[in-house]
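These notes are about the structure you will find just below.
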Amino acid sequence: MTKNELFLELAKPDEKGKSRWVQVTEFKGKYSVLAFGNGASWARKESTLAKKYVIEFDKNITSGNGIDAIRLNGFNNIDSSQYIDPKIKKIIKNQRCVILGTSNPEVDHKNGMKNEARVMKNENQKLSDFQPLSKAANDAKRQFCKECKRTQMRYDAKLLGYPMSFYAGGSKHNFEEDACVGCYWYDPLEFKKHLKKAEE
């Protein structure tokens, strides 16, 4: 097990990414490799653990500012929201953009709002949560998602010349639900499948 895995086993963070205070005195036996000095090597701000979780330290000023305890206080939304399982990333990178058909695509979160807790936790991600998009297509989607967040109105595929706006849901974006499903940008291939069904 890696140091990160050992610490997570010891800290047992909940579904919100929060854990108890873990005393450094607990770093013994199986967990002795977690022992650190003032540097907190495996838990530094540039570490893999810090990219996913907000890490807090309890320092003892009277003993030279040494670390007495460490805990996780939720997910690091800025970084963890961008994290994609390496196995999934490798598969997607070998595919072609679902819109332009070009190679070497970017790995796109289908849900542009990135408000699904499961998808933000890399251990629970699925291949179907992502799709290959060229940089140009991904940049365009990102802009339309920003506009959707601002106006709460979903992108209308009729602007691209399609005869229908969405394959599920309406024009209003409901942040309480998985309202991205049905939008052209959520899954262009799925959108076109429904387009074919509508034409039959």
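The values are calculated or read from the model by the stated rules, or taken from the named source; none is laboratory data. Worth saying up front: this structure is predicted, and the values here are computed from it rather than measured. Don't worry about glycine lacking a Cβ; one is built from the backbone with ideal geometry, like all the others, and counts go over all protein chains shown.
Things worth noting here:
- Residue match in the range 132-139 (condition: surrounded by fewer than 13 Cβ atoms within 10 Å (Cβ to Cβ) and free of Cβ contacts under 8 Å to residues at least 24 places away in the same chain): yes
- Annotation: Ala157 fulfils all but one of (1) within 30 Å of Pro86 (Cβ to Cβ); (2) surrounded by 15 or more Cβ atoms within 10 Å (Cβ to Cβ); the unmet one is (1).
- Filtering the range 35-58 to residues that are assigned to a loop (DSSP other than H, G, I, E, B) and aromatic (Phe, Trp, Tyr) leaves only Phe36.
- When residues in the range 4-34 are screened for being closer than 25 Å to Ala117 by Cβ and outside any loop (DSSP other than H, G, I, E, B), 10 of them pass.
- The residues of the range 135-153 that are out of contact with any strand residue (DSSP E or B) (no Cβ under 7 Å at 6 or more places or on another chain) and closer than 28 Å to Asn104 by Cα, listed by number, are Ala136, Ala137, Asp139, Ala140, Arg142, Gln143, Phe144, Cys145, Lys146, Glu147, Cys148.
- Among the residues of the range 34-45, those identified as modelled with pLDDT of 75 or more and exposed (fewer than 14 other Cβ atoms within 10 Å of the Cβ) are Ala35, Ser41, Arg44, Lys45.
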